[in-house]
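*Asks:* Have a look at this one before I ask anything.
The values are calculated or read from the model by the stated rules, or taken from the named source; none is laboratory data. All figures in this text were calculated on a predicted structure; none of them were measured in a lab. Here the Cβ is made from the backbone with ideal geometry for all residues, glycine too, and neighbour counts use every protein chain on show.
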Amino acid sequence: MVAVPSDVEERILVKRAIARDREAFGALYDRHVIRVYRHIYYLVGNAAEAEDLTAQAFLQAWEAIHRYQQRGAPFVSWLLRIAHNLGVSHLRSRKPGTELPETLVDHSRDGDPEETLQRQAERERVREAILRLRGEQRQVIILRFVEDLEYPEVAEIVGKSVAAVRVIQHRALNALRKQMRPEDLKGAAAHG
């Protein structure tokens, strides 16, 4: 049996899901649930809310899959756009004065508890700075650096040109630099 490339396999799954094949949509869910959850969690900062919103994102995707069109951008870009819109709507619905979301926990390294706490604090400072960015800037930074998407994928998700995404990213990074002391950025980048 010849191995089918992942992107070709995904296109087949998407076509089957559009035809209302639940098993194919389940396979798409399995492929992307962690990424969607991570994206939403980074926006809302609460595990329980992120789980609920992730479920809602996949439900909305299932209900709207017949409108999905493969135009060169990967399926995950469409899915992340749904997830992002849900996360932003959720944040807007929070009452004013709601605390910033809980700290991201770094389980990737074992070691000195003091160093672990320091890394968590540094990441939280960066995360809080990102959350203070304008919506469009925040979205581009999360998609580019948290989700590690390329410019064309980000452009597809945000509905802008690649050039516009580059400008938004440049302005967002400048805004982050102004918000943070240089040592905060160095520490978070080294551990992030």
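*Asks:* Taking the residues in segment 1-26 that are crowded, with 18+ Cβ neighbours inside 10 Å and touching a Lys or Arg at 6+ places or on another chain (Cβ under 9 Å) as candidates, determine which candidate is nearest to VAL146 (Cα to Cα).
*Replies:* The selected residue is GLU10.
*Asks:* Moving on to the next point. Could you count how many residues in segment 131-148 are touching a Phe, Trp or Tyr at 6+ places or on another chain (Cβ under 9 Å) and free of Cβ contacts under 8 Å to residues at least 60 places away in the same chain?
*Replies:* Selection size over segment 131-148: 1.
*Asks:* ARG123: outside the structural domain of HIS39 (by TED's automatic domain parsing), over 14 Å from ILE157 (Cα atoms) and modelled with pLDDT of 70 or more, yes or no?
*Replies:* The answer is yes for ARG123.
*Asks:* So, of the residues in segment 42-77 that are within 16 Å of ALA27 (Cα to Cα) and buried (at least 17 other Cβ atoms within 10 Å of the Cβ), which turns out to be modelled with the lowest pLDDT?
*Replies:* PRO74
*Asks:* Tell me, yes or no, whether segment 103-114 has at least one residue that is part of a loop (DSSP other than H, G, I, E, B), at pLDDT below 85, more than 28 Å from HIS32 (Cα to Cα) and acidic (Asp, Glu).
*Replies:* Checked segment 103-114: at least one residue is part of a loop (DSSP other than H, G, I, E, B), at pLDDT below 85, more than 28 Å from HIS32 (Cα to Cα) and acidic (Asp, Glu).
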